[in-house]
Amino acid sequence: MPGNRKVRQGVVVSDKMDRTVTVQVERLVRHPMYKKYIRQRKKYKAHDPANECRTGDVVTITETRPLSRDKRWRVRAILKSETSGAVQ
């Protein structure tokens, strides 16, 4: 894979689809006038070929070619599993 692909870290909020998970990515953005940090959230649909991810897992996703109408991301690694709590 080329080295200039975007990578995000987030929490799986839905695993109801087949080989697809919804990942919510949270980031802090500084308000231009008030200088206060605002929490922004965005949801991405990511490809999970082995159906390994469960709701609540912390995962990293990486940008990829379009896989479907909404899917442009792929699950790279499960950092923390909600069921076992193990960090891999």
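The values are calculated or read from the model by the stated rules, or taken from the named source; none is laboratory data. Everything numeric in this text was worked out from a predicted model, so none of it was measured. Neighbour counts run over all protein chains shown; Cβ positions are idealised from the backbone, glycine included.
Scan region 15-35 for residues that are surrounded by 12 or more Cβ atoms within 10 Å (Cβ to Cβ) and more than 12 Å from His47 (Cα to Cα) and jot them down.
Passing the criteria: Gln24, Val25, Glu26, Arg27.
For every residue, the table says whether it meets (1) among the aliphatic types (A, V, I, L, M); (2) under 20 Å from Ile78 (Cβ atoms); (3) not in a loop (DSSP other than H, G, I, E, B).
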| site | (1), (2), (3) |
| --- | --- |
| Gln9 | no, yes, yes |
| Ser14 | no, yes, yes |
| Val21 | yes, yes, yes |
| Arg27 | no, no, yes |
| Met33 | yes, no, no |
| Ile38 | yes, no, yes |
| Lys43 | no, yes, yes |
Q) within 23 Å of Ser81 (Cβ to Cβ), out of contact with any strand residue (DSSP E or B) (no Cβ under 7 Å at 6 or more places or on another chain) and either of a type in the set (Ser, Thr, Tyr) or modelled with pLDDT of 95 or more (or both): does that describe Met33? A) no
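Look through region 45-83, keep the residues that are of a type in the set (Gly, Ala, Ser) and outside any loop (DSSP other than H, G, I, E, B), and return whichever of them is nearest to the chain's Cα centre (by Cα).
Ala46
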Q. Using beta carbons and a limit of 8 Å, which pairs, at least six apart or on different chains, have the first residue in region 73-88 and farther than 17 Å from Thr62 by Cβ and surrounded by fewer than 10 Cβ atoms within 10 Å (Cβ to Cβ) and the second one charged (D, E, K, R) and at pLDDT 95 or above?
A. Thr83/Arg54
